[in-house]
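Values quoted throughout were computed directly from the atomic coordinates according to the rules given, and no laboratory measurement underlies them. Just so it is clear, the structure is predicted and the values come from calculations on it, not from any experiment. As a convention, Cβ positions derive from the backbone with ideal geometry for all residues, glycine included, and neighbour counts pool all protein chains shown.
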Amino acid sequence: ETQPDTGTTGLEPGSEDGSRLLSERPSLQGKELDLGALERLPEGTLGHEFARYFRDNRIAPFETTLELRNDVDYIGKRYRETHDLLHVLTGYSTDVMGEMELQAYAQGNLGIRTAVLIVLFGAVENLKNRGSSIKLGEYVRRVRAAHRRGRASRQFLGFRFEHHWATPVATLREQLCAPAPRLN
């Protein structure tokens, strides 16, 4: 099976967008975000929904104290910073199953190997937890669907989310994310 043509990450060697992103190194860390201002944007916009996501889940935006020594360090930081934005755009929840779906989505979208390990670890933990409400068959169906959706979606890592706070989530979801499959 081949990867569909879903656009570029914006981080390909020699690409104008990738060069600009890597030279400017924009940040989406908590100290760079004014969640109050974002929440005052109209309901349904990326900024408003992103700020509400943090409030509703009682969490704070990603912060790091690691020194960025090279482009690889920056790309890893950017990936972590976009994690919560992906929850908002994809609609995957922050419970264990939603986190596993988001990891599978990211693996399908970017090919990140560590995401495979996280999803496999989640499956093992799910099997060990006999009281889990998610049965293994459902877990596998949902993870596979999220992976396929990630493969069919535009690659997100190079997308400049910070330029789209006032854009409706529905518009960005249509531009960036393949439709979520219906699971029975």
(message) Suppose the chain between ASP56 and THR171 were pulled fully straight at 0.36 nm per residue; how much longer would it get relative to their current alpha carbon spacing?
(response) 39.2 nm
(request) Provide the FRET efficiency to the nearest 0.05 for the GLU24-GLU67 pair, computing r from the beta carbons and using R0 = 25 Å. (result) 0.90
(request) Please tell me the relative contact order of the chain in percent, rounded to the nearest whole number, where contacts are Cα pairs under 8 Å and at least six residues apart. (result) 29 percent
(message) Can you tell me the mean projection area, over all orientations, of the convex hull of the chain's alpha carbons? Units nm², please.
(response) 11.7 nm²
(request) Send over the Kirkwood Rh of the stretch 137-184, from the inverse of the averaged 1/r over different Cα pairs, rounded to one decimal Å. (result) 12.1 Å
(message) For THR45, what residues show an amide H to amide H distance below 5 Å, using hydrogens built from the backbone and excluding near sequence neighbours?
(response) VAL169
(request) Under 1.5 on a/c is rounded, so check that first for the stretch 27-116, then, if it is not, pick prolate when a/b is larger than b/c and oblate when it is not; a ≥ b ≥ c are the square roots of the alpha carbon gyration tensor eigenvalues. (result) oblate
(message) With θ taken as phi - 60° and the coefficients 6.51, -1.76 and 1.60, list the Karplus ³J(HN,Hα) couplings across the stretch 155-172 in order, rounded to whole Hz; mark glycine and proline as x.
(response) 5, 9, 4, x, 5, 8, 4, 5, 8, 10, 4, 8, 7, x, 4, 4, 5, 5
(request) Using the charge dipole of the chain (Lys, Arg: +1 at Cβ; Asp, Glu: -1 at Cβ; taken about the Cα centre), state which of TYR105, ILE134, PRO181 has its Cα farthest towards the positive end. (result) ILE134
(message) Placing unit charges on C-beta atoms (Lys and Arg positive, Asp and Glu negative, everything else neutral), compute the dipole magnitude of the chain about its Cα centre in debye, rounded to 20.
(response) 740 debye
(request) Compare the Cα positions of ILE59, LEU38, PRO26 along the charge dipole of the stretch 9-81 (+1 at Cβ of Lys, Arg; -1 at Cβ of Asp, Glu; about the Cα centre) and return the one farthest towards the positive end. (result) ILE59
(request) Take every Cα pair under 8 Å in the stretch 35-88 that's 6+ residues apart, average their separations, divide by the length, and report that relative contact order as a whole percent. (result) 30 percent
(message) Placing unit charges on C-beta atoms (Lys and Arg positive, Asp and Glu negative, everything else neutral), compute the dipole magnitude of the stretch 72-124 about its Cα centre in debye, rounded to 20.
(response) 200 debye
(message) Taking the Cα centroid of the stretch 35-92 and of the stretch 111-178, what is the distance between the two, rounded to the nearest whole Å?
(response) 16 Å
(request) Calculate for the chain the 222 nm mean residue ellipticity that helices alone would give, adding -39,500 (n - 2.57) per DSSP H run of length 4 or more and normalising by residue count, nearest 500 deg cm²/dmol. (result) -17500 deg cm²/dmol
(request) Work out how much length ALA123 to LEU136 would gain on full extension: take 0.36 nm times their residue separation and subtract the Cα-Cα distance, in nm to one decimal. (result) 3.9 nm
